[in-house]
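**Q** The structure that follows is given in the form of structure tokens.
The values are calculated or read from the model by the stated rules, or taken from the named source; none is laboratory data. Computed from a predicted structure; not experimentally measured. Positions of Cβ are generated from backbone atoms using ideal geometry, with glycine treated the same way; all protein chains shown enter the neighbour counts.
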Amino acid sequence: MRLLDYRVVEEEGRLREIIYRLYDENWGEYWRVVKLLRLLRSPRELSQVETLLEMHRDVVSSFKQFTQARLVLLAAYSRKLGLIWCYGVAVWGYDLREAEDWAEKLFLAL
């Protein structure tokens with residue numbers, strides 16, 4: 001896989017999405033759209049909320065049916081903010097507009 005281009009899209013000073021244009025020898029050229037939100041509680045705390053777990057199971061099962069999308073859980077350490085957890089979706093497609101539309105729909109489902 002080779003990164004051809006990328007851009008970070010902001011809206012009112014906040015991350016809206018990250019768009020990658022990629023090339024793979026088997027898949028050709030395609031787009032990947034990543035949308036993230038910052039979790040204010042750690043995943044361990046969130047896992048103790050029963051209704052949240054049930055909602056998460058529903059979302060995960062719907063992702064199994066749409067194979068072009070993945071759930072994303074990221075952790076990064078910042079000296080200023082400490083440990084930052086982000087949760088979101090990554091969708092790939094040959095058409096950028098379609099990948100963006102699906103990423104938005106699936107992101108709203110989270």
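**Q** Please go through segment 57-110 and give me each residue that is of a type in the set (S, T, Y) and either surrounded by 13 or more Cβ atoms within 10 Å (Cβ to Cβ) or closer than 22 Å to L4 by Cβ (or both), ordered by number.
**A** Across segment 57-110, the qualifying residues are Y87, Y94.
**Q** Still on this structure: Report, ordered by the first and then the second residue, all pairs with beta carbons closer than 8 Å, sequence separation of six or more or different chains, a first member in segment 1-30 that is free of Cβ contacts under 8 Å to residues at least 12 places away in the same chain and within 20 Å of E98 (Cα to Cα), and a second member that is basic (K, R) and surrounded by 11 or more Cβ atoms within 10 Å (Cβ to Cβ).
**A** Within 8 Å, the pairs are V9/R16; E10/R16.
For every residue, the table says whether it meets (1) at pLDDT 70 or above; (2) on the phi > 0 side of the Ramachandran plot; (3) among the acidic types (D, E).
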{"residue": "V8", "(1), (2), (3)": "yes, no, no"}
{"residue": "R21", "(1), (2), (3)": "yes, no, no"}
{"residue": "D24", "(1), (2), (3)": "yes, no, yes"}
{"residue": "L40", "(1), (2), (3)": "yes, no, no"}
{"residue": "E54", "(1), (2), (3)": "no, no, yes"}
